[in-house]
Amino acid sequence: MRRRDRLSLLFAALGAGCSGPDLPASLPEVVLRVAGEPITRTEIDTLAAFLVPDNPGYALDHLRSAALARALLPRATAFAILRDRVEAARERIARAKARLEAGEAFEAVAKDLSDHAPEKGGDAGWLARRDFDPLLAFEAFEFPVGEVRGPIATRVGFSLLRVSERRSDPRPGHSTVHLFHIVAGLEPQPKSLPELSRSLESLEVEVLDSPLFDRIRPPGLAFRYAPAASRPTSRS
């Protein structure tokens, strides 16, 4: 199935009447790079669609902006700043996945290799959709219970997830999962917009799709654009 068709189905399924994005074939897939770390149109649109049920009434461009601010920009910033640590974390999560695929118990692998709750076998407890990174929440809520997902790259490094149970709640953002995960981490990263903005100021941001980024770039964040020809227009 083509990317346009997959996204249209996702928006139709999650968007409660919202239509999918217009995706002419000529548009670049990579919207911007933070010191070389890419953020793609598919990632932005997939997370925006996932956020629709938790944010009824919000325009899709607002949710695209939220996907950037809450998940994609923090990840790109962390990977750019801590590039020397990324490969070690990637190698460790690959070893964890190989052991799982060889039949070892998730809890045993987490005890040996995870930075999060190894003494609990990676048990993160019950978490609501709104309580954790949208990149992780998407994997936890959109795929079957019991399935191991990942590696997933987020601001803290790489994760493998397994959901043991899921509970629905009609209130937006309140559905929960009982989550186990294995984390090969970098180090704690900025979570607030001011902290993220300070980190971004030290990095060069290349914009490949100025019309889209000009619409959805998160307010309150400062960017150091390069090259000059890629800078978005001023935003009122």
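The values are calculated or read from the model by the stated rules, or taken from the named source; none is laboratory data. Since this is a predicted model, take the numbers as computed values, not measurements. All Cβ positions, glycine included, derive from the backbone under ideal geometry; neighbour counts span all protein chains shown.
Checking each residue in segment 149-172 for being of a type in the set (K, R) and not in a strand (DSSP E or B) picks out R155, R171.
Within segment 133-148, the set of residues being surrounded by fewer than 16 Cβ atoms within 10 Å (Cβ to Cβ) and outside any helix (DSSP H, G or I) comprises F143, P144, V145, G146, E147. Considering segment 184-236, and only residues there that are surrounded by 13 or more Cβ atoms within 10 Å (Cβ to Cβ) and among the hydroxyl-bearing types (S, T, Y), the residue that is modelled with the lowest pLDDT turns out to be S230. When we screen R85, R64, R90 for residues that are at pLDDT 95 or above and more than 26 Å from L212 (Cβ to Cβ), the only hit is R90.
Residue pairs whose Cβ atoms lie under 6 Å apart, separated by 6 or more positions or on different chains, with the first residue in segment 199-222 and small (G, A, S) and the second not in a helix (DSSP H, G or I), are S199/P190; S210/P232; A222/E201.
For segment 121-160, which residues satisfy the criterion of being β-branched (V, I, T) and within 22 Å of R90 (Cβ to Cβ)? Selection gives V148, I152, T154, V156. You will find that of D45, D123, the residue that is under 30 Å from R171 (Cβ atoms), in the same structural domain as L200 (by TED's automatic domain parsing) and among the charged types (D, E, K, R) is D45 and no other.
When segment 96-119 is filtered for residues that are in contact (Cβ under 8 Å) with a residue 12 or more places away in the chain and within 29 Å of H174 (Cβ to Cβ), the ones remaining, listed by number, are F106, E107, A110, S114, D115, H116.
Screening R92, R85, R130 for residues that are within 24 Å of N55 (Cβ to Cβ) and in a helix (DSSP H, G or I) leaves exactly one candidate, R130.
Here is a yes/no grid of residues against (1) among the hydroxyl-bearing types (S, T, Y); (2) in contact with an Asp or Glu (Cβ under 9 Å, 6 or more places away or on another chain):
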residue	(1), (2)
E101	no, no
F106	no, no
A110	no, yes
S114	yes, no
P118	no, yes
A124	no, no
L127	no, no
L136	no, no
E142	no, no
